[in-house]
1. Taking into account only those residues within the range 217-252 that are surrounded by 20 or more Cβ atoms within 10 Å (Cβ to Cβ) and outside any helix (DSSP H, G or I), which is nearest to the chain's Cα centre (by Cα)?
2. Working only within the range 125-144, note down all residues that are within 12 Å of ligand 1 (Cβ to nearest atom) and within 20 Å of LEU27 (Cα to Cα).
3. I'm checking my understanding of the structure. Among residues of the range 8-59 that are under 19 Å from MET230 (Cβ atoms) and without any contact (Cβ under 8 Å) to a residue 60 or more places away in the chain, which one is farthest from ligand 1 (Cβ to nearest atom)?
4. Checking GLU97 against (1) touching a helix residue (DSSP H, G or I) at 6+ places or on another chain (Cβ under 6 Å); (2) part of a helix (DSSP H, G or I), which single condition isn't satisfied?
5. Among (1) modelled with pLDDT of 95 or more; (2) not in a loop (DSSP other than H, G, I, E, B), there is one condition ASP118 misses while meeting the rest; what is its number?
6. Against the condition crowded, with 21+ Cβ neighbours inside 10 Å and within 16 Å of ligand 1 (Cβ to nearest atom), how does ASP160 come out, does it pass?
7. Give me the pairs, please: first residue somewhere in the range 118-131 and under 24 Å from ASP160 (Cα atoms), second residue anywhere and part of a loop (DSSP other than H, G, I, E, B) and away from ligand 1 (no atom under 12 Å from the Cβ), beta-carbon distance under 8 Å, and either six or more positions apart or on two chains.
8. Out of the residues in the range 100-124 that are of a type outside the set (Asp, Glu) and touching a strand residue (DSSP E or B) at 6+ places or on another chain (Cβ under 8 Å), which is farthest from ligand 1 (Cβ to nearest atom)?
Amino acid sequence: MAKIIAITNQKGGVGKTTTSVNLSASLAASGKRVLLIDLDPQANATMGSGTDKRTIQPTVYHILLGEKRIKEVSVNATQGKYDLVPANRDLAGAEVEMVELDKRETRLKAALTEVNNDYDYVLIDCPPALNLLTLNGLCAAHTVMIPMQCEYYALEGLSDLVNTIKKVRVSFNPKLHIEGLLRTMFDPRNILAQQVSEQLQKHFGNKVYQTIIPRNVRLAEAPGFGIPVMYHDKNSKGAQAYLALAKELLNA
Ligand code: ATP
Ligand code: MG
């Protein structure tokens with residue numbers, strides 16, 4: 001049975017997509033069967049996996065509206081290392097169109113039951129908002145992975161997200177829990193980052209991954225080539241960090 005992880009943080013630019021793409025590639029490199037679902041109209045995970053959002057059809061939009069099944073939409077990403085359900089700008093309209101529909105919060109969950117045995121891991125790259133798209137991600141998931149930058153307001157945003165997870169648990173998905181908090185774009189020379197990191201560990205204990213993702217220019221370059229960083233520069237600190245994260249996840 002596939003383990004489904006929503007990669008979520010309503011704060012923008014914290015490394016959700018970078019984590020989705022590179023963790024997918026790293027898990028695949030360990031021999032795991034991985035499906036990455038792009039649930040963001042920005043479609044950065046789609047582009048970062050080497051699929052052109054301007055031409056790809058059909059997309060996750062058609063799955064949410066019940067017009068297509070996952071198997072009809074998924075494509076081989078990164079030369080077949082993992083599968084991708086792509087997104088494009090159509091997805092921005094899905095929220096409004098879904099309001100009219102039945103069981104609008106659990107449409108992704110329903111679609112995923114069909115591929116449960118085809119994958120070991122399903123990762124869902126959520127948009128930077130606590131909206132109906134993210135809600136679909138949280139209802140479909142077993143756990144939530146939260147990438148975050150160790151900045152001043154990071155902890156504040158975290159309590160909103162934790163409250164949302166609690167509400168989803170009550171209404172839709174009783175077993176949903178936090179998989180782990182991932183410190184991203186970390187600069188150890190930054191005193192504030194160190195302090196926030198310590199606070200995080202104090203509040204969340206072993207829910208904070210030991211693996212820390214450093215700020216690394218190779219990670220920022222790779223999407224421009226439409227490949228995960230391990231195929232851009234395997235020895236870079238960024239590639240090594242995401243391989244270590246995959247190991248930590250697999251050994252948990
Ligand atoms: P959004 O909320 O818009 O979806 P996001 O949370 O998915 O953003 P990313 O797109 O993964 O965040 O990252 C934001 C930017 O920071 C991107 O340009 C990405 O290439 C860059 N970036 C992410 N992680 C790192 C890192 N560890 N080192 C350097 N650059 C990074
Ligand atoms: Mg993103």
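1. PRO228
2. ASP125, CYS126
3. Filtering the range 8-59 for residues that are under 19 Å from MET230 (Cβ atoms) and without any contact (Cβ under 8 Å) to a residue 60 or more places away in the chain, the one farthest from ligand 1 (Cβ to nearest atom) comes out as GLY31.
4. (1)
5. Result: ASP118 fails condition (2) only.
6. So ASP160 fails the test.
7. Here the result reads ILE124/ALA141, each pair linking the range 118-131 to a residue that is part of a loop (DSSP other than H, G, I, E, B) and away from ligand 1 (no atom under 12 Å from the Cβ).
8. Here the residue is VAL115.
The values are calculated or read from the model by the stated rules, or taken from the named source; none is laboratory data. Treat the numbers as computed from the prediction; the structure is a model and nothing was measured. Counting neighbours? That spans all protein chains shown, and the Cβs are built from the backbone with ideal geometry, glycine included.
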